[in-house]
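Visitor: Here it is: the structure, laid out below.
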Amino acid sequence: MKERILIVDDEGSIRGLLHAILSQSGYECETAPGADEARAALDSRAFDLLLCDIMMPGESGLALIQHVSEAYPDTGVIMVTAVDDMDIAERALELGVYGYVVKPFEPSQILISTVNALKRRELEVRCRARQDRLEETVEERTAELRETVHNLDQARRHYRDLFEQSLDAIYVVSTEGKILEINQAGLDMLGYTREGIEGLNARGTYVLPADRKAFQERIEEAGFVRDYELRLKRSNNEEIHCLVSATVRRDKKGRIVGYQGILRDTTEQKRMEYLIRQAHLENEQILEAISSLLIGIDSEGRVIRWNASAEHTLGVPAREVLKRPFGECAIPWEREMIRDGLSRSRRYQEPVKLDDVPFRRPDGAKGVLGITLNPILFQDSREPGLLIMGADITRKRQLEIQLTQAQRLESIGQLASGIAHEINTPIQYVGDNTRFLSEAFEDLERVLEGCTALVAAVQTGEDTGEALRAVEAAAEEADLPYLREEVPAAVEQTLEGVERVSQIVRSMKAFSHPGNRETIAADLNMALESTITVSRNEWKYAAEMETDFDPTLPLVPCLPGELNQVFLNLIVNAAHAVADAADGESGGKGRIRVSTKTLGDAAEIRISDTGIGIPEKIRDRIFDPFFTTKEVGKGTGQGLAISRSVVVDKHEGSITFESEEGRGTTFIVRLPLEQGCTVGGAA
């Protein structure tokens, strides 16, 4: 690439001569008649060399040279002038010119000066580049060193934090036993404070001097120890068990000068191991004492457990079967049933229950076993083992047969049904009302608290705005109009329920025969509304309640208290059915719908739910006394039986149902609108 040279001289002949000399020598040249033109040329492109006159109109050559040295340090300068002045020459040299040529000149002077100047420029450019690179390198290395120092400082703090925060004790001691370093965990383990451990010799922490000597010999011989068991003493002389992993410390000459390591307190672990051993021993004793036969089979099919009950029930001593293949053991039971059960349990990885497995008892008599086969996954084994649990159920089966033969299939008498009805339903009625009143009182209590705060604000002259808003919010949440209407009714209904219970002793025959009290014309819509209200606690968590009451429904002659109990039974049963359905699905709420209408000469009440429905096989039994599908303690089996008695026997009505499994059930109650009329289709 050609070197580019800028020639600046106010004399055109000189510019032309210099241009010709340099161009012929292969340089790329441009000319400028003055400093302004030269500045413009320098701004537009880079030049390797500047040949500049001193004496020029306008800005002098020296001023231009100074500008070039400051703004374009990579551009060399040769002064070409007719002035032979030492002061000017010294000033030019101070500005860093590469050559000084006096006019007139020979072409060789120009060429030699140009060649030398360009070489010098190249050297200076290289030097500056090297210097820049050196400075950059120094800066980079300095930054790296600074970062390294920072990282080392961070690492030191980090490892110091780890040292202090470690849950295990970390220590450094000299060969003489002086404690040079110990973390907080070590202080806590030994029971010392930072001040209290100063001056303590580590040799004094060993329970036995022989332990210290053995440890020292071991670590100095191998250079390290790993999980070495030691017994140490705390500051209160309490003995602790430890595991130590440590290495020796050496000086520059390789001499051992100390030890450093980690201590882990295993006292609690030792205690737990002892307890586990004791528990294992107790478990063995329990398994041997358990009344059920217990047989364990490993993944290879060998018998690994045969408890005392197995010996007693099957008449086979443990010594004859332990560690032997299970299939080769002479056990007096139905082998095919057992083999099939074992195969299914292993294949499906689930318990298999075998009922009535025939076997020969030790006395030679025939018997039956109840057996459960449970797969067991052993560690490091792909194939499961099996645990066989069972018992001799021969006597149990005999008792079941006797009990089945002795059971009566007919329902209990009408009197017992009435008693159960009178005791169970009113108490439930009272309970529902009491829960409703409890909830109502909680709402009212929040309103009263707000009112108290409002009164206090008025008395003290404070701003009542916030207190008033709190009262309004509590009142709105409590729904006071609703409570004013329902609370007195609930109290009245509760008293009626209590009165119903007290009547049990006075009127035993009321459960078998229609009561002597007179029937009255009652509003069934209102009765249903009341029942829904008092039973709210039973259904509100499981279902949304819908009502569709016929506003034109006439008053119905009935015993309102007893009908209320019928409605309560049906609504509570519906709530339980919806809850059972929700448990088997997503847990969302179901729906209960209560409707009334006039149907000819009868009033019809329908109570529908979206519950689980009634299975086909039990539909003909649901009105039987004591028949229930609920869990023990949740139902007596009297609710529907009593409801049927009230509707059919006391009101000459009918109670039927429509049900679809998985979709729900609708109970239909029909009551005559006139006394003495009988509604057809009574259940």
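The values are calculated or read from the model by the stated rules, or taken from the named source; none is laboratory data. Just so it is clear, the model here is predicted, and its values are computed rather than measured. Glycine gets a Cβ as well: all are built from the backbone with ideal geometry, and neighbour counts include every protein chain shown. In case anyone asks, the SASA skips ligands and DNA or RNA and just uses the protein heavy atoms, side chains included. Shrake-Rupley method; radii C 1.70, N 1.55, O 1.52, S 1.80 Å.
Visitor: In segment 577-607, which residues are over 30 Å from Leu673 (Cα atoms), in contact with a helix residue (DSSP H, G or I) (Cβ under 8 Å, 6 or more places away or on another chain) and in contact (Cβ under 8 Å) with a residue 12 or more places away in the chain?
Guide: Val578, Lys589, Gly590
Visitor: Being open to solvent by 10 Å² or more (accessible area, probe 1.4 Å) and of a type in the set (Gly, Ala, Ser) is the filter; apply it to segment 180-196 and report the residue that is modelled with the lowest pLDDT.
Guide: Checking each candidate, the answer is Gly196.
Visitor: Output the number of residues of segment 217-249 satisfying the condition of being more than 17 Å from Thr266 (Cα to Cα) and in contact with a strand residue (DSSP E or B) (Cβ under 8 Å, 6 or more places away or on another chain).
Guide: Matching residues across segment 217-249 total 8.
Visitor: If you don't mind, there's one more thing I want to ask. Name the single residue that is modelled with the highest pLDDT among those in segment 69-95 being aliphatic (A, V, I, L, M) and over 18 Å from Asn116 (Cβ atoms).
Guide: Only one residue fits best here, namely Ala71.
Visitor: Follow-up question, since we're still on this one. Could you list all residues from segment 225-244 that are more than 11 Å from Ala169 (Cβ to Cβ) and either in contact with a His (Cβ under 8 Å, 6 or more places away or on another chain) or surrounded by 14 or more Cβ atoms within 10 Å (Cβ to Cβ) (or both)?
Guide: Of everything in segment 225-244, those that are more than 11 Å from Ala169 (Cβ to Cβ) and either in contact with a His (Cβ under 8 Å, 6 or more places away or on another chain) or surrounded by 14 or more Cβ atoms within 10 Å (Cβ to Cβ) (or both) turn out to be Val225, Tyr228, Glu229, Leu230, Arg231, Lys233, Arg234, Ser235, His241.
Visitor: Going through segment 1-47 one residue at a time, which ones are open to solvent by 20 Å² or more (accessible area, probe 1.4 Å) and touching a Phe, Trp or Tyr at 6+ places or on another chain (Cβ under 7 Å)?
Guide: Correct list: Lys2, Glu3, Arg4.
Visitor: Can you name every residue in segment 667-682 that is hydrophobic (A, V, I, L, M, F, W, C), modelled with pLDDT of 90 or more and either surrounded by fewer than 18 Cβ atoms within 10 Å (Cβ to Cβ) or under 55 Å from the mean Cα position of the chain (by Cα) (or both)?
Guide: Phe667, Ile668, Val669
Visitor: Okay, next question. Evaluate segment 310-331: report whether one residue or more is hydroxyl-bearing (Ser, Thr, Tyr) and under 45 Å from the mean Cα position of the chain (by Cα).
Guide: No; the residues of segment 310-331 include none that is hydroxyl-bearing (Ser, Thr, Tyr) and under 45 Å from the mean Cα position of the chain (by Cα).
Visitor: Please work out if Leu162 is within 30 Å of Thr266 (Cβ to Cβ) and at pLDDT 85 or above.
Guide: No.
Visitor: Here's something else I'd like to know. For segment 541-556, which residues satisfy the criterion of being within 17 Å of Leu599 (Cβ to Cβ) and either more than 53 Å from the chain's Cα centre (by Cα) or modelled with pLDDT under 90 (or both)?
Guide: Within segment 541-556, Pro551, Thr552, Leu553, Pro554, Leu555, Val556 qualify.
Visitor: Could you list, ordered by first residue, the pairs with Cβ atoms under 7 Å in which the first is in segment 301-314 and small (Gly, Ala, Ser) and the second is surrounded by 19 or more Cβ atoms within 10 Å (Cβ to Cβ), at least 6 apart or interchain?
Guide: Qualifying pairs under 7 Å: Gly301/Phe326; Ser309/Leu293; Ala310/Leu293; Ala310/Ile295.
Visitor: Please go through segment 450-482 and pick out each residue that is assigned to a helix (DSSP H, G or I), in contact (Cβ under 8 Å) with a residue 24 or more places away in the chain and either under 21 Å from Phe436 (Cα atoms) or open to solvent by 50 Å² or more (accessible area, probe 1.4 Å) (or both).
Guide: Those that are assigned to a helix (DSSP H, G or I), in contact (Cβ under 8 Å) with a residue 24 or more places away in the chain and either under 21 Å from Phe436 (Cα atoms) or open to solvent by 50 Å² or more (accessible area, probe 1.4 Å) (or both): Ala474, Ala475, Glu477, Ala478, Leu480.
Visitor: Could you check how many residues of segment 349-401 are small (Gly, Ala, Ser), closer than 14 Å to Trp333 by Cβ and surrounded by 12 or more Cβ atoms within 10 Å (Cβ to Cβ)?
Guide: 4
Visitor: Limited to segment 197-224, what total is found for residues that are charged (D, E, K, R), closer than 26 Å to Arg160 by Cα and surrounded by 13 or more Cβ atoms within 10 Å (Cβ to Cβ)?
Guide: Final tally of qualifying residues: 1.
Visitor: Ok, one more. Looking at Leu559 and the list (1) open to solvent by 20 Å² or more (accessible area, probe 1.4 Å); (2) out of contact with any helix residue (DSSP H, G or I) (no Cβ under 6 Å at 6 or more places or on another chain); (3) closer than 26 Å to Gly497 by Cβ; (4) modelled with pLDDT under 85, which single condition is not satisfied?
Guide: Of everything listed in (1) open to solvent by 20 Å² or more (accessible area, probe 1.4 Å); (2) out of contact with any helix residue (DSSP H, G or I) (no Cβ under 6 Å at 6 or more places or on another chain); (3) closer than 26 Å to Gly497 by Cβ; (4) modelled with pLDDT under 85, Leu559 misses just condition (1).
Visitor: Of all residues in segment 291-321, count the ones that are modelled with pLDDT under 85 and surrounded by 15 or more Cβ atoms within 10 Å (Cβ to Cβ).
Guide: Of the residues in that region, 2 qualify.
Visitor: Quick one: is Glu136 part of a helix (DSSP H, G or I), surrounded by 10 or more Cβ atoms within 10 Å (Cβ to Cβ), free of Cβ contacts under 8 Å to residues at least 40 places away in the same chain and in contact with a helix residue (DSSP H, G or I) (Cβ under 7 Å, 6 or more places away or on another chain)?
Guide: no
Visitor: From (1) farther than 24 Å from Gly254 by Cα; (2) surrounded by 14 or more Cβ atoms within 10 Å (Cβ to Cβ); (3) out of contact with any Asp or Glu (no Cβ under 7 Å at 6 or more places or on another chain), pick out the condition that doesn't hold for Thr175.
Guide: Unmet for Thr175, out of (1) farther than 24 Å from Gly254 by Cα; (2) surrounded by 14 or more Cβ atoms within 10 Å (Cβ to Cβ); (3) out of contact with any Asp or Glu (no Cβ under 7 Å at 6 or more places or on another chain): (1).
Visitor: Kindly establish whether Ile412 is at pLDDT 75 or above and either over 53 Å from the mean Cα position of the chain (by Cα) or open to solvent by less than 60 Å² (accessible area, probe 1.4 Å) (or both).
Guide: No: the conditions fail for Ile412.
Visitor: Filter segment 638-666 down to the residues that are open to solvent by 20 Å² or more (accessible area, probe 1.4 Å) and either aromatic (Phe, Trp, Tyr) or assigned to a strand (DSSP E or B) (or both) and list them by number.
Guide: Result: Thr656, Phe657, Glu658, Ser659, Glu660, Thr666.
Visitor: Against the definition (open to solvent by 70 Å² or more (accessible area, probe 1.4 Å) and more than 18 Å from Ile371 (Cα to Cα)), how does His280 come out, yes or no?
Guide: Criteria met by His280.
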